[in-house]
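Student: First the structure, then my questions, so here it is.
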Amino acid sequence: MMVLRESIIMKIHYGTALGALFLTVIHIMMRLTQDFHESLEYENVIANYESVGYAILLGLLLILISVHGFNGLRVILLEMNQGPTYEKLVTIGCLAGMAALIAYGSRTIIMTNMGML
Amino acid sequence: MATIHPKLSDELSQTVVSSTKSVKIKIKRSNPNVNSEQKFDDFVVPIEKWTTVLDVLLDVKSHLDHSVGVRYSCRQASCGSCGMKINGKPGLACFTKISELDSDTVTVEPMDNYPVVRDLAVNMDRMINNHKKVMPYVIREDSEIDAESGIREFLQSPENVEKYIQFSSCIKCGLCNSACPTMSMDKTFVGPQALAQAYRYIADDRDKGKNKRLKVIDESHGIWRCHFAGSCSQVCPKGVDPAMGIQLLRGYLLGIRD
Ligand code: HEM
Ligand code: SF4
Ligand code: FES
């Protein structure tokens, strides 16, 4: 099942890896502005989601890591076994997992900003 | 001990009277066409400092057990027939001296990642098919045979030869594919041998088949399944560096070279 040429997929893979690396550095630096345990307190988590710039960063990081991680998983699974049906299932499964993870993570950010949490 | 035709033993024996050393060779035996049994047979053979693993195997065949299955031809590292696992590492039997192994016991097994035909001989169809798939020849519209002027040549500059010369030393022994970890997992992976040859022809400026070849290797079991373990380049007996060829090819696909 060839949706995109493999070279395009791998460019996305390397691009998302570098992007995620960059955003993870900013993300960790932001965590250093307070003590480690404070980062995990309910009010602070909600405050992070409500700050628009930081929420966009977290949303982007979620997308980059979901795309990269599920494509990475697809690569691993394609090397572990082969066959047309199996490969189709792997591709569909990984795309579905990617979409589901992005949707679930975005939902938390959106619900917070709509005052639902 | 089986006795064999005296003429054959005369011709093939490399046993020299002065020899004082010997080596124990453990040969992995199997015949999947008959049953799934696998075993090691041990033989002790006299050696000299120039004796190769292939010499030892031929000595065994001549004097001790002529039924040992082994493929060979040139005995000088140019036909690519005698690849096998020697003390766990892929190598050419005719190009590996017993003295360099630094061991009293030498174990020989068929190469990994290929189906065994019998004993040390493996079926190399997968490598040959992938080799053909990358079109290992110069592709262009016009021909070297010119109707008007008779035969002409496609000239090649020394600078361009430098770009691919090491890759043209490949003798298709298949050792690189047998050492490759992706080959062992992914039975549809194109493999380092074919990828190195794809680079060899793409880098040749007489060739116009770059896009065709890149299309063949840019698929889900193509070039991207190499993770640069580098074992192909470690075992190549001809100094080819398939791992580097693969990285150079990636440059074309990532748009950082043309
Ligand atoms: C969710 C789990 C992840 C999986 C399953 C995964 C999987 C992979 C795979 C299979 C490769 C290709 C390796 C190769 O071709 O040899 C890769 C490359 C890479 N990944 Fe990930 N990855 C994950 C998370 C991450 C994260 C969180 C980062 C950084 C923030 C990252 C950074 C990279 C980089 C920089 C590369 C390129 C280096 C390379 O190709 O070897 N990965 N990943
Ligand atoms: S690249 Fe080297 S190891 Fe691989 S088939 Fe050619 S000669 Fe053998
Ligand atoms: S017999 Fe030809 S390469 Fe060894």
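Throughout, read-outs are computed from the coordinates displayed, never taken from laboratory work. Remember, it's a predicted structure, so these values are computed and weren't measured experimentally. Here the Cβ is made from the backbone with ideal geometry for all residues, glycine too, and neighbour counts use every protein chain on show.
Student: For the protein assembly as shown, with only Lys/Arg (+1) and Asp/Glu (-1) charged at the beta-carbon, what is the dipole magnitude about the Cα centre, in debye rounded to 20?
Tutor: The calculation lands at about 600 debye.
Student: Moving to a separate point now. Suppose we flag GluC sites (Glu not before Pro) only when DSSP calls them loop and at most 16 other Cβ atoms lie within 10 Å. Which is the longest uninterrupted stretch of chain B?
Tutor: Result for the longest clean stretch: B:49-140.
Student: Continuing with this model, one more query. Using modelled backbone amide H atoms (1.01 Å from N, in-plane), which distant-in-sequence or interchain residues come within less than 5 Å of B:Val117's amide H?
Tutor: Those qualifying (amide H under 5 Å, at least 5 residues apart or on another chain) are B:Val122, B:Asn123.
Student: Counting pairs of Cα atoms in chain B, how many percent are more than 29 Å apart?
Tutor: Cα-Cα pairs in chain B separated by more than 29 Å: 41 percent.
Student: Please work out how much length the chain gains when fully extended from B:Lys97 to B:Cys79, using 0.36 nm per residue of separation minus the C-alpha to C-alpha distance, in nm with one decimal.
Tutor: Result: 4.7 nm gained on full extension.
Student: Rounded to the nearest 5, what is the percent of antiparallel bridges among the DSSP beta bridges in the protein assembly as shown?
Tutor: 85
Student: Which order do peptides B:165-175, A:9-19 fall in by mean Cβ count within 10 Å, highest first?
Tutor: By packing density, highest mean first, the sequence is B:165-175, A:9-19.
Student: Simple spin-label model, 7 Å along Cα-to-Cβ: A:Ala47 to B:Lys21 in nm?
Tutor: Taking the two extended label points, one gets 7.6 nm.
Student: Kindly point out, ordered by number, any Cys in the protein assembly as shown whose beta-carbon has no other cysteine beta-carbon under 4.7 Å away.
Tutor: Among the cysteines of the protein assembly as shown, those whose Cβ sits 4.7 Å or more from every other are A:Cys94, B:Cys82, B:Cys94, B:Cys170, B:Cys173, B:Cys180, B:Cys226, B:Cys236.
Student: Based on DSSP H runs of at least 4 residues, each adding -39500 (n - 2.57), what is the mean residue ellipticity at 222 nm of the protein assembly as shown after dividing by all its residues, to the nearest 500 deg cm²/dmol?
Tutor: -14500 deg cm²/dmol
Student: Also: Could you tell me the calculated FRET efficiency between A:Leu40 and A:Leu77, based on Cβ-Cβ distance and R0 = 22 angstrom, to the nearest 0.05?
Tutor: 0.10
Student: What's the average, rounded to a whole number, of partner chain beta-carbon atoms within 10 Å of each residue's beta-carbon in B:188-194?
Tutor: Mean partner shielding for this stretch: 1.
Student: Rounded to the nearest 0.05, what FRET efficiency do B:His66 and B:Val44 give with R0 = 22 Å and r taken as the Cβ-Cβ distance? Could you check?
Tutor: 0.85
Student: Same structure, new question: What are the radius of gyration and Dmax of the protein assembly as shown, computed over its Cα atoms and given in Å?
Tutor: 28.4, 96
Student: Quote the relative contact order of chain B in percent (integer), defining contacts as alpha-carbon pairs under 8 Å separated by 6+ residues.
Tutor: 17
Student: What full-extension length gain, to one decimal in nm, is calculated for A:Leu57 and A:Thr85 as 0.36 nm per residue of separation minus the Cα-Cα distance?
Tutor: Using 0.36 nm per residue and subtracting the Cα-Cα distance, I get 6.4 nm.
Student: Please work out the FRET efficiency for the pair B:Ser149 and A:Lys11, using the Cβ-Cβ distance as r and a Förster radius of 56 Å; give the result to the nearest 0.05.
Tutor: So, using R0 = 56 Å, E works out to roughly 0.75.
Student: Can you check what the net charge comes to around B:Val117, using other residues whose Cβ is under 11 Å from the Cβ of B:Val117 (Lys, Arg +1; Asp, Glu -1)?
Tutor: Surrounding charge for B:Val117 is 0.
Student: Could you size up the charge dipole of chain B around its Cα centre, putting +1 on the beta carbon of Lys and Arg and -1 on that of Asp and Glu, and report it in debye to the nearest 20?
Tutor: 560
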